[in-house]
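Read the structure below first, then the notes.
Any read-out appearing in this document is the output of simple, stated calculations on the displayed coordinates, not a laboratory observation. Note that this is a predicted model, so its numbers are computed, not measured. Positions of Cβ are generated from backbone atoms using ideal geometry, with glycine treated the same way; all protein chains shown enter the neighbour counts.
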Amino acid sequence: MSERAFIALGSNLGEREAQIERALQLLAGRGALARKRSSLYLTEPVGGPPQDWYVNAVAEVETAKGPEGLLAALLAVEGEMGRVRTVKDGPRVIDLDLLLFGAEVRRTGRLELPHPRLPVRRFVLVPLAEIAEEVVHPVLGLTVRELLARCPDTSEVRPHAPAPR
């Protein structure tokens, strides 16, 4: 049986748009096929050291993996793409976050669902609202649209049109 999950994708190093595309391809090869994708957004970095702006997106994926299996796939793709965690909230070639997994609510040492910072991250809520504004946060009982309207984050998130190749 397959489940619907939402993942956030972000990159601010190298060919940002290509990194997001590659991550989606690698995830498909690991049993997490993107069924819907948001547009790309150029987003102001939140926290961490001074760094370049991010390109962010959200994808709805279909997977037969459980939440832990999907998280393992996300971490494996980050590793394969060269993500190194040296500075908290620092620049990264790719960042993959599991936002929602169906209506699952869980908190373990490795996984928290829904993602604990989802309601306060404009750079995630804007693309998520584009593809799933009526999805309900399983703890707060609010739709993604309502979460975005209440989001305290004022960082800039704007549509991103990549330069033609």
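Among the residues of segment 147-154, is any polar (S, T, N, Q), over 19 Å from E60 (Cβ atoms) and in contact with a helix residue (DSSP H, G or I) (Cβ under 7 Å, 6 or more places away or on another chain)? Before you say what the answer is, go through the steps one by one.
Start the filter on segment 147-154 by keeping residues that are polar (S, T, N, Q), which leaves 154.
Okay, now just the ones that are also over 19 Å from E60 (Cβ atoms), so 154.
Filter again for in contact with a helix residue (DSSP H, G or I) (Cβ under 7 Å, 6 or more places away or on another chain), leaving none.
Looking for residues that are polar (S, T, N, Q), over 19 Å from E60 (Cβ atoms) and in contact with a helix residue (DSSP H, G or I) (Cβ under 7 Å, 6 or more places away or on another chain), one finds none in segment 147-154, hence no.
Is it fair to say G48 is buried (at least 22 other Cβ atoms within 10 Å of the Cβ) and either of a type in the set (K, R) or touching a residue at least 12 places away in the same chain (Cβ under 8 Å) (or both)? Judged against the criteria, G48 is not a match.
Starting from residues that are within 25 Å of V120 (Cα to Cα) and part of a strand (DSSP E or B), keep the ones in segment 9-34 and report whichever is farthest from the chain's Cα centre (by Cα). So that I can check it myself, show each step before the final result.
Step one: of segment 9-34, the residues within 25 Å of V120 (Cα to Cα) are 9-13, 16-17, 19-20, 23-24, 34.
Then keep just the ones that are part of a strand (DSSP E or B); that gives 9-11, 34.
Values: L9: 4, G10: 7, S11: 10, A34: 12 Å.
Within segment 9-34, the match that is farthest from the chain's Cα centre (by Cα) is A34.
Residues checked against (1) among the aromatic types (F, W, Y); (2) under 25 Å from L113 (Cβ atoms); (3) without any contact (Cβ under 8 Å) to a residue 40 or more places away in the chain:
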| residue | (1), (2), (3) |
| --- | --- |
| S2 | no, yes, no |
| L9 | no, yes, no |
| E15 | no, no, yes |
| A28 | no, yes, yes |
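Being more than 19 Å from E156 (Cβ to Cβ) and either among the aromatic types (F, W, Y) or surrounded by fewer than 17 Cβ atoms within 10 Å (Cβ to Cβ) (or both) is the filter here; which residues of segment 14-43 pass it? Within segment 14-43, G14, E15, A18, E21, Q25, A28, G29, G31, L33, R35, K36 qualify. Of everything in segment 35-67 that is under 15 Å from the mean Cα position of the chain (by Cα) and aliphatic (A, V, I, L, M), the residue that is nearest to F101 (Cα to Cα) is V61.
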